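Readers should treat all values here as calculations from the given coordinates under stated rules, not as data from a laboratory. Predicted, not measured: the structure shown is a model, and the values here were computed from it. A quick note on method: Cβ atoms are made from the backbone with ideal geometry, for glycine too, and the neighbour counts reach across all protein chains shown.
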Amino acid sequence: METSRRSFTLIEILITLVILGILITPFTRIIWFGKKGVINIKNKTIVDNLAREKIEELTLLRFTRIKSDFEVFSSVFRGTHHEAFIDMDENSELFKRNFTDIFTKKLKKKFPRIFEKFVRKYKKYYGRDYELYPDEYSGYRRVVTVEVEEYPENPMIKIKNIIVELFDKGNSQSLCRYVILRTDDGM
């Protein structure tokens, strides 16, 4: 009895693998770029939410109490011996390049004294306890600057330009910049 046994040759297997590779490549690229897009959108959402959160915090303050982070928090760094923070209490540009009010457990553990001073200042300024951010927020820095505009022709009018900027921790380029104008409404 003869049995017909059909098997694949090495060439047939290799051709099949090449064809599968050609067909699968576009799908893997779609998945890869889709994943990158989701990560980018997640990061942009975090940055946007951090900026909006700070704006909400600042709008709850009376006009006369709204100040830049340098005015409020620079004294936190007075007397520090850590290289990254030396002179941050005197130099507003250096302060802006290094400051963040986004503390995570890791940052709190790394700089416990600075965190303690920061929390005291935060409570005094905002009138509430500071809440730590999740560790996934540790890659961001947030800085508030305030510019006051006065009009000599009408000294009753005062406007504060409140600028909330978010940065990537290792980068000085702004990821997000919100500017809101607030007038003295007598509150």
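Key figures for this structure:
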quantity	calculated
Karplus-derived 3J(HN,Hα), 6.51/-1.76/1.60, for each residue of the range 92-108, Hz, glycine and proline x	5, 5, 4, 4, 4, 6, 10, 6, 8, 9, 9, 9, 10, 4, 4, 5, 4
Label corresponding to mean projected area of the Cα convex hull in nm² when calculated from the structure given, among [x] 19.9; [y] 11.8; [z] 9.8	[x]
DSSP-defined antiparallel bridges as percent of all bridges, the chain, nearest 5	95
In order through the range 171-181: 3J(HN,Hα) via Karplus (6.51 cos²θ - 1.76 cosθ + 1.60), integer Hz, x for Gly, Pro	9, 8, 7, 5, 7, 7, 9, 10, 10, 10, 9
Angle between the chain longest axis and helix 10-59 axis [Cα atoms, degrees, rounded to 10]	10
Computed E for Ile55/Glu153 - FRET, C-beta separation, R0 35 angstrom, nearest 0.05	0.75
Nonlocal amide H pairs with Asp101, under 5 Å, H built at 1.01 Å	Arg142
Percent RCO, i.e. relative contact order, over the range 10-183, from Cα pairs under 8 Å lying at least 6 residues apart	19
Modelled FRET efficiency - R0 30 Å, Trp32 with Asp129, Cβ distances, 0.05 increments	0.10
Vicinal HN-Hα couplings computed from phi for the range 143-149 (Karplus, 6.51 cos²θ - 1.76 cosθ + 1.60; Hz; Gly/Pro x)	9, 10, 10, 10, 10, 9, 10
With Cα atoms, 0 to 90° folded angle of helix 112-126 axis to the chain main axis	60
Restraint check, Lys42/Lys96; Lys42/Lys123; Lys96/Lys169, Cα-Cα greater than 23 Å	Lys42/Lys96; Lys42/Lys123
Nearest-20 debye value, the chain charge dipole, Cβ charges on Lys, Arg, Asp, Glu	740
Cross-link reach list, lysines versus Lys158, counting only Cα pairs under 24 Å and skipping chain neighbours closer than eight places	Lys54, Lys67
